[in-house]
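No value in this document is a laboratory result; all are computed from the given coordinates. In this text the structure is predicted, and so the values were computed from the model without any measurement. Using ideal geometry, Cβ is built from the backbone for each residue, glycine included, and neighbour counts are taken over all protein chains shown.
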Amino acid sequence: MIVKAIMFGSIGTLVETSDLQRRAFNRAFKEAGLGWHWTVDTYKRLLTKSGGRDRIQYYAIRRGIDVDADHLHQCKTEIFESMMADGDIPLRPGVKDVVSFAKKNSIKLAFVTSTSEANVDAVFSALGDQLKRNDFAFVGNNTMISQPKPSPDIYAKALSELGVQSQDCVAVEDTEASLQAALAASIRCIAFPGDYATAQDFTDAVLVTNNILPKLFKGLRN
């Protein structure tokens, strides 16, 4: 039997937003008067931490600075939403084909993200007719769980909501930390690294690719 559910695990598995996110963080820092500026290399290193709030907190602690990480992250989220609304954001290579393949073969689709609901809304708004929320049988966000990735909590929630077993699913993740969340839930995972995550360790993935294609899922049988 072919897999029963395909789980896209992060915003970055659907759209490439790494540099957009980085610039949104920097604008939030500038507006807060912090004098911080995350370069591409800095942000690549910080992507080993899952979740924007945790990245801010980690960065502040390393510099011995006390900041309101929640407020900063909320400001960044609002800036990111505005930037998404201004741009024409394409789907990553192969995503549309996999969604069509899943629908034709009665495979459930899930968007197993633990980001904020505002970020999820911004992504679907920016994608327009390319991909819609109702294409997914489950759409996650951070209000559903107490621990973000790399905790497997959001995957456990998705499995419960979809009524499927972990062995019947394949996850797609774009960073090492998020990959570990899927593996901790005993779900096989395809690594689909974003532009800023190609150097991360994806050893435990069933495969690593820069183009998601339906044939990849046809080959992963129970």
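Listing for the model above:
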read-out: Amide H within-cut-off set for residue 171, under 5 Å, with H built and near neighbours excluded; value: 7, 188, 189, 190
read-out: Rg over Rh, two decimals, segment 18-86 (C-alpha only, Kirkwood Rh); value: 0.93
read-out: Segment 84-179: Rg to Rh, with Rh as the Kirkwood radius over Cα pairs; value: 0.95
read-out: Neighbour-count ranking [beta-carbon atoms within 10 angstrom, fewest first] of 195, 70, 129; value: 129, 70, 195
read-out: Ascending count of other beta-carbon atoms within 10 Å, so fewest first, for 189, 75, 169; value: 75, 189, 169
read-out: Under Karplus coefficients 6.51, -1.76 and 1.60, residue-wise ³J(HN,Hα) of segment 34-40 in Hz, glycine/proline x; value: 7, x, 8, 8, 8, 6, 4
read-out: Estimated translational D of the chain in µm²/s (Stokes, Kirkwood radius over Cα pairs; 37 °C; 0.692 mPa s); value: 186
read-out: Per-residue HN-Hα couplings for segment 158-165 [Karplus 6.51, -1.76, 1.60; θ = phi - 60°; Hz; x = Gly/Pro]; value: 5, 4, 5, 5, 7, x, 10, 8
read-out: In Hz, Karplus ³J(HN,Hα) per residue of segment 55-72 (6.51, -1.76, 1.60; θ = phi - 60°; x = Gly, Pro); value: 5, 4, 4, 4, 5, 5, 4, 4, 9, x, 10, 9, 10, 8, 4, 4, 5, 4
read-out: Contour minus Cα-Cα distance for residue 199 and residue 88 (0.36 nm per residue); value: 37.2 nm
read-out: For residue 207, residues with placed amide H under 5 Å, excluding near neighbours; value: 191
read-out: Order of 104, 157 under a 10 Å beta carbon neighbour criterion, fewest first; value: 104, 157
read-out: Pair residue 100, residue 166: separation of 7 Å Cα→Cβ label points (nm); value: 3.4
read-out: Charge dipole (debye, nearest 20) of the chain; +1 at Cβ of Lys and Arg, -1 at Cβ of Asp and Glu; value: 560
read-out: Full-extension gain in nm, residue 218 to residue 117, via 0.36 nm per residue minus C-alpha separation; value: 33.2 nm
read-out: 0 to 90° range, to nearest 10: angle between helix 18-31 axis and the chain longest Cα axis; value: 30
